Amino acid sequence: MLRKVIFLLFLTASGFSQNLLPLIPQPQFVVIKKGNFILNNATLIRAEASPFEAKFLKEYLEKQYGLQLKSGTKPSVREIVLQIVAADATVSKEKYQLAITDRTVYITAADNQGIFYGIQTFLQLLPTEKGSVLKISCLEINDEPKFKWRGMHLDVARHFFSPAFVKKYIDYIAMYKMNTFHWHLTDDQGWRIEIKKYPKLTSISAFRKGSMVGHYNDQKYDDIRYGGFYTQEEIKEIVKYASDRHITIIPEIEMPGHAQAALAAYPELSCTGGPFEVAKQWGVLDDVFCPKDETFVFLENVLTEVIDLFPSAYIHIGGDECPKTRWKNCPHCQELMQRQGLKDEHELQSYFIRVIERFVNSKGRKIIGWDEILEGGLAPNAAVMSWRGTEGGIAAAKDQHFVVMSPGSHCYFDQYQADPATEPLAIGGNITVEKVYAYQPIPEGLSTEESKYIMGAQANVWTEYITTPKHVEYMIFPRMAALAEVVWGTSDTSKYADFKKRLLEHFALLDKLGVNYSKAILKP
């Protein structure tokens, strides 16, 4: 606390402000000092540990500025030092210190993750103009995030995006020191992950015979075959790419609803027996997985391969928007409900989720699902992703379940961000940068103890109306920057004007990186 007071007194007395630095997310504590560090080809990168981080920094400076720095372990006259320091178990792996003097840049942390975050902050301090000599202000930064889950989601089921773009998306997540990529891999309109035991999931379920054209309300379709999938080798490569950048990928395999693509290949897993086609239309469809033995065998085999590919603690099993129409008219479902003492189809869905959870737990993992998994009783060890407002998150936290907040009111980046008349087609709604920045992940009504179950927040990018990488970029930037500051824990709605000023300066970096960002924030 004393150190924080000293920082604040220094800033006040000197007249400097951390808002002068176009850093996003804004660090917890900054002290700006006199002098500059000169970065050029004579600068050495010195790292006894952190080999990937040193390589990452070296390659970024070469690609973006044409600088060719050498790496070594012996001290130099002018150097960037990446140093792992001893710390006890209470020190977060994500905490870092960045100290810039006129001769040395020190990035220190207890773990390579903190080193990587320090590098990301340092890169945002660089001038955007390309040159053989770069001048950076001397300063000290002490920084760490507030929330453990700082995420972005991408739906590749409605529209497929190449492995190369998925890696670029991961780069964007890393730039803002976010740590979770929620990869929505299956839905009614396409199955995007190779499962070797069930080859028809890629030969049949990965392709549809057409797609909706225009808005859902128009009910128009084309007849253009559309699809794609990721091989297991591609997924392994992407998981490694994310892991190097300290990002955990959370795979999502939808169940029991949003299953029509899978049922097109394996109709025997439904209540009616089909036949089915991979869905051309968006929305919520009636045909879902039937909770019978062969369905659970299928899903357990699928999840076994998924778990082998993804080392994440959590596996997302969807659980949202599951109509009960087929279950109500299915003799097997009704007999199962009677045998298990289930009073309605909501409890049948809870039964379904509990079966899956027991299997996932047996593999040493935990499930996370959309807040509908609360209906009929929550599985014992499940975490909840609250999207239908905050109520689901509040209920789960009060019941001592971990929660990720992702309400449609603030975190659905498939919605418009300005006047629809001036924007590309979107699903509806209007979530501005300012609205995202105002979001508080911990809902009102939770006690201090209950609040500990809020792991953090993420934004969701559903792609019914987003067909290209450039369009994805347009929808996430700059709203992603606002969310990054929210989940880092340094957003302040009373200082939105300061954030906006930093954001406008930050646009120069996005321009340098070739990002297709929205400029709606510049409109009246």
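Kindly list, by first and then second residue, each pair from a residue in region 427-438 that is under 13 Å from residue 497 (Cα atoms) to a residue that is surrounded by 14 or more Cβ atoms within 10 Å (Cβ to Cβ) and among the aromatic types (Phe, Trp, Tyr), limited to pairs with Cβ atoms under 7 Å and residues at least 6 apart or on different chains.
Partner pairs satisfying both residue conditions: 434/496; 437/496; 437/499.
Within region 36-50, which residues are within 11 Å of residue 107 (Cβ to Cβ) and open to solvent by less than 30 Å² (accessible area, probe 1.4 Å)? Give the derivation first.
From region 36-50, those within 11 Å of residue 107 (Cβ to Cβ) are 45-47, 50; that's our starting set.
Of everything in region 36-50, those that are within 11 Å of residue 107 (Cβ to Cβ) and open to solvent by less than 30 Å² (accessible area, probe 1.4 Å) turn out to be 45, 47, 50.
Check region 166-180 and report whether any residue there is farther than 22 Å from residue 410 by Cα, among the polar types (S, T, N, Q) and in contact (Cβ under 8 Å) with a residue 12 or more places away in the chain. Spell out the reasoning first.
From region 166-180, those farther than 22 Å from residue 410 by Cα are 166-168, 171; that's our starting set.
Filter again for among the polar types (S, T, N, Q), leaving none.
No, region 166-180 contains no residue that is farther than 22 Å from residue 410 by Cα, among the polar types (S, T, N, Q) and in contact (Cβ under 8 Å) with a residue 12 or more places away in the chain.
Hey, residue 347 hits all of (1) part of a helix (DSSP H, G or I); (2) within 24 Å of residue 146 (Cβ to Cβ) but one; which does it fall short on?
(2)
Residue by residue, here is whether (1) under 24 Å from residue 384 (Cα atoms); (2) in contact with a Phe, Trp or Tyr (Cβ under 7 Å, 6 or more places away or on another chain); (3) part of a helix (DSSP H, G or I) holds:
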site: 414; (1), (2), (3): yes, yes, no
site: 426; (1), (2), (3): no, yes, no
site: 435; (1), (2), (3): yes, no, yes
site: 439; (1), (2), (3): yes, no, no
site: 444; (1), (2), (3): yes, no, no
site: 449; (1), (2), (3): yes, no, yes
site: 463; (1), (2), (3): yes, no, no
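Within the group 345, 321, 372, which residue is charged (D, E, K, R) and in contact with a His (Cβ under 7 Å, 6 or more places away or on another chain)?
Numbers: 345 fails: in contact with a His (Cβ under 7 Å, 6 or more places away or on another chain); 372 fails: in contact with a His (Cβ under 7 Å, 6 or more places away or on another chain).
Every option except 321 fails the conditions.
For residue 131, all conditions in the list (1) surrounded by 14 or more Cβ atoms within 10 Å (Cβ to Cβ); (2) assigned to a loop (DSSP other than H, G, I, E, B); (3) touching a helix residue (DSSP H, G or I) at 6+ places or on another chain (Cβ under 9 Å) hold save one; what is the number of the exception?
Of the numbered conditions (1) surrounded by 14 or more Cβ atoms within 10 Å (Cβ to Cβ); (2) assigned to a loop (DSSP other than H, G, I, E, B); (3) touching a helix residue (DSSP H, G or I) at 6+ places or on another chain (Cβ under 9 Å), the odd one out for residue 131 is (1).
Give 367, 373, 317, 356 a once-over and let me know the one that is farther than 15 Å from residue 291 by Cβ, of a type outside the set (Asp, Glu) and either part of a helix (DSSP H, G or I) or in contact with a strand residue (DSSP E or B) (Cβ under 6 Å, 6 or more places away or on another chain) (or both).
Working: 373 fails: farther than 15 Å from residue 291 by Cβ; 317 fails: farther than 15 Å from residue 291 by Cβ; 356 fails: farther than 15 Å from residue 291 by Cβ.
Going through 367, 373, 317, 356 in turn, the sole match is 367.
Looking at this structure, is residue 239 of a type in the set (Val, Ile, Thr) and either more than 22 Å from residue 460 (Cβ to Cβ) or surrounded by fewer than 15 Cβ atoms within 10 Å (Cβ to Cβ) (or both)? Reasoning before the result, please.
Numbers: of a type in the set (Val, Ile, Thr): yes; either more than 22 Å from residue 460 (Cβ to Cβ) or surrounded by fewer than 15 Cβ atoms within 10 Å (Cβ to Cβ) (or both): no.
Spelling it out, it is not the case that residue 239 is of a type in the set (Val, Ile, Thr) and either more than 22 Å from residue 460 (Cβ to Cβ) or surrounded by fewer than 15 Cβ atoms within 10 Å (Cβ to Cβ) (or both).
Which ones in region 484-502 are assigned to a helix (DSSP H, G or I) and surrounded by fewer than 20 Cβ atoms within 10 Å (Cβ to Cβ)?
Residues satisfying the conditions are 493, 494, 495, 496, 497, 498, 500, 501.
So, residue 380, is that one open to solvent by less than 10 Å² (accessible area, probe 1.4 Å), out of contact with any His (no Cβ under 8 Å at 6 or more places or on another chain) and in contact (Cβ under 8 Å) with a residue 12 or more places away in the chain or not? Reasoning before the result, please.
Numbers: open to solvent by less than 10 Å² (accessible area, probe 1.4 Å): no; out of contact with any His (no Cβ under 8 Å at 6 or more places or on another chain): yes; in contact (Cβ under 8 Å) with a residue 12 or more places away in the chain: yes.
Spelling it out, it is not the case that residue 380 is open to solvent by less than 10 Å² (accessible area, probe 1.4 Å), out of contact with any His (no Cβ under 8 Å at 6 or more places or on another chain) and in contact (Cβ under 8 Å) with a residue 12 or more places away in the chain.
Name the residues in region 52-94 that are assigned to a helix (DSSP H, G or I) and either in contact (Cβ under 8 Å) with a residue 24 or more places away in the chain or in contact with a Gly (Cβ under 8 Å, 6 or more places away or on another chain) (or both), would you? So that I can check it myself, show each step before the final result.
Step one: of region 52-94, the residues assigned to a helix (DSSP H, G or I) are 52-65.
Selection gives 52, 53, 54, 56, 57, 60, 64, 65.
List the residue pairs whose Cβ atoms are under 8 Å apart, where the first residue sits in region 391-415 and is in contact (Cβ under 8 Å) with a residue 40 or more places away in the chain and among the polar types (S, T, N, Q), the second is open to solvent by 10 Å² or more (accessible area, probe 1.4 Å) and in a loop (DSSP other than H, G, I, E, B), and the two are 6 or more positions apart or on different chains.
Short answer, once both residue conditions are applied: 400/453; 406/387.
So, in region 288-332, exactly how many residues are surrounded by fewer than 23 Cβ atoms within 10 Å (Cβ to Cβ) and either of a type in the set (D, E, K, R) or on the phi > 0 side of the Ramachandran plot (or both)?
Residues meeting the conditions: 11.
Just checking, does region 67-79 include any residue being closer than 22 Å to residue 130 by Cβ, more than 29 Å from the chain's Cα centre (by Cα), surrounded by 18 or more Cβ atoms within 10 Å (Cβ to Cβ) and polar (S, T, N, Q)?
No, region 67-79 has no match at all.
So, residue 136, is that one open to solvent by less than 20 Å² (accessible area, probe 1.4 Å) and farther than 26 Å from residue 241 by Cα or not? Walk me through it before giving the result.
Numbers: open to solvent by less than 20 Å² (accessible area, probe 1.4 Å): yes; farther than 26 Å from residue 241 by Cα: yes.
Judged against the criteria, residue 136 is a match.
Filter region 207-221 down to the residues that are more than 27 Å from the chain's Cα centre (by Cα) and not in a loop (DSSP other than H, G, I, E, B) and list them by number.
Once the filter is applied, which keeps residues that are more than 27 Å from the chain's Cα centre (by Cα) and not in a loop (DSSP other than H, G, I, E, B), region 207-221 yields 213, 217, 218, 220, 221.
Within region 338-353, take every residue that is under 17 Å from residue 294 (Cα atoms) and among the hydrophobic types (A, V, I, L, M, F, W, C) and give me the one that is surrounded by the fewest Cβ atoms within 10 Å (Cβ to Cβ). Working first, answer last.
Initially, region 338-353 is screened for residues under 17 Å from residue 294 (Cα atoms), giving 348-349, 351-353.
Narrowing further to those that are among the hydrophobic types (A, V, I, L, M, F, W, C): 348, 352-353.
Details: 348: 24, 352: 27, 353: 28.
By that ranking, first place goes to 348.
Give region 224-271 a look and list any residue that's among the acidic types (Asp, Glu) and in a helix (DSSP H, G or I), or say none.
Keep residues of region 224-271 that are among the acidic types (Asp, Glu), which gives 233-234, 237, 244, 252, 254, 268.
Answer for region 224-271, where residues must be among the acidic types (Asp, Glu) and in a helix (DSSP H, G or I): 233, 234, 237, 244, 268.
The values are calculated or read from the model by the stated rules, or taken from the named source; none is laboratory data. Note that the structure is a prediction, hence the values are computed from the model and not measured. All Cβ positions, even for glycine, are placed from backbone atoms using ideal geometry, and neighbour counts span all protein chains on display. The accessibility values were calculated without ligands, DNA or RNA, using every heavy atom of the protein model including side chains. Shrake-Rupley method; radii C 1.70, N 1.55, O 1.52, S 1.80 Å.
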